[in-house]
Amino acid sequence: MGQKQVNINADLGEGAGQDDKLMPLLSSCNIACGGHTGDEDSIAKTIELAKRYDVKIGAHPSYPDRDHFGRKRPEIDDEALEDSLTQQLERFYRIAKQLDAEVHHVKAHGALYNDAAKDKAVAQLFLNVLKRSGINNTIYTPFDSWLHKLLPDNQVMFEAFIDRAYNEDLTLVSRASEGALHQTPEEAWQQLYEMYFLEEITTISGVKTAIKADTFCIHGDHPEAVNMLRYIREQLAKTNQR
């Protein structure tokens, strides 16, 4: 679709069945590393698909929690978590190297993403794993998160979500709450428009709050993700963006 001036990413390699339709609409993707879902075969297939459409690839490690898709913090001690994250990342980077694919970024998944944003100890553990693994790629994280505070500005890209509702403190509305997920392409476009062009967001309470983001995520398992991104790309084309 030409030069993609607006960086839109998605969480892929999660078995949602629509990666092939989403990939051409993306700038970058975050590929499950086997913590919440995925295996060597799904990692390889998703990397190959990304290469086909010249989409930047990122590792998407998680709490080792397949029962809850990485969206709940499990009972796990630091050593076991470090071991799991190291294994996930080593698996991903090994496969990427085998496929001659350059890794662009790392983005934690689900509960680990949220915890690393608000809990300094979790953020430091995550960064320690990256350092010991020799990984110094860009990190996708919310603005003013602990990962942001602990990293130099040139190693982070601030992320916001297209398909999720926000609270006034810029935390995501719990998936257990009504209205947590946007359901229509028009809702998704309105949120992206505000975030990208106006640097603000209308929270679930109706209050407008400033927000800063460099990349905008849609979840690859959202049933309307393809329709949302097609509509968004159509609207961006009308504004001479991509």
message = Taking the conditions exactly as written (surrounded by fewer than 16 Cβ atoms within 10 Å (Cβ to Cβ), out of contact with any Leu (no Cβ under 7 Å at 6 or more places or on another chain), among the acidic types (Asp, Glu) and farther than 16 Å from ASN7 by Cβ), does GLU168 satisfy them or not?
response = yes
Selection status of GLU224, more than 18 Å from the chain's Cα centre (by Cα) and modelled with pLDDT of 95 or more = no
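Residues are listed down the side, and each one gets a yes or a no for (1) under 23 Å from SER174 (Cα atoms); (2) touching a residue at least 60 places away in the same chain (Cβ under 8 Å); (3) more than 16 Å from the chain's Cα centre (by Cα):
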position	(1), (2), (3)
LEU12	yes, yes, no
LYS21	no, yes, yes
SER42	no, no, yes
THR46	no, no, no
LEU49	no, no, yes
ARG66	yes, no, yes
PRO74	yes, no, yes
key: Count of segment 97-150 residues which are outside any helix (DSSP H, G or I), among the aliphatic types (A, V, I, L, M) and farther than 30 Å from GLU48 by Cα   = 0
request  = Restrict the check to segment 98-108 and report whether at least one residue is modelled with pLDDT under 95, buried (at least 21 other Cβ atoms within 10 Å of the Cβ) and within 22 Å of ARG175 (Cβ to Cβ).
outcome  = no
task = Looking at (1) of a type outside the set (A, V, I, L, M, F, W, C); (2) closer than 19 Å to ASN114 by Cα; (3) assigned to a strand (DSSP E or B), find the lone condition where HIS222 falls short.
result = (3)
Test for LEU89: is it at pLDDT 95 or above, part of a helix (DSSP H, G or I) and more than 21 Å from SER28 (Cα to Cα) = no
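The values are calculated or read from the model by the stated rules, or taken from the named source; none is laboratory data. What you see is a predicted model; the values in this text were computed from it and never measured. Here Cβ is always computed from backbone atoms with ideal geometry, including for glycine, and neighbour counts include all displayed protein chains.
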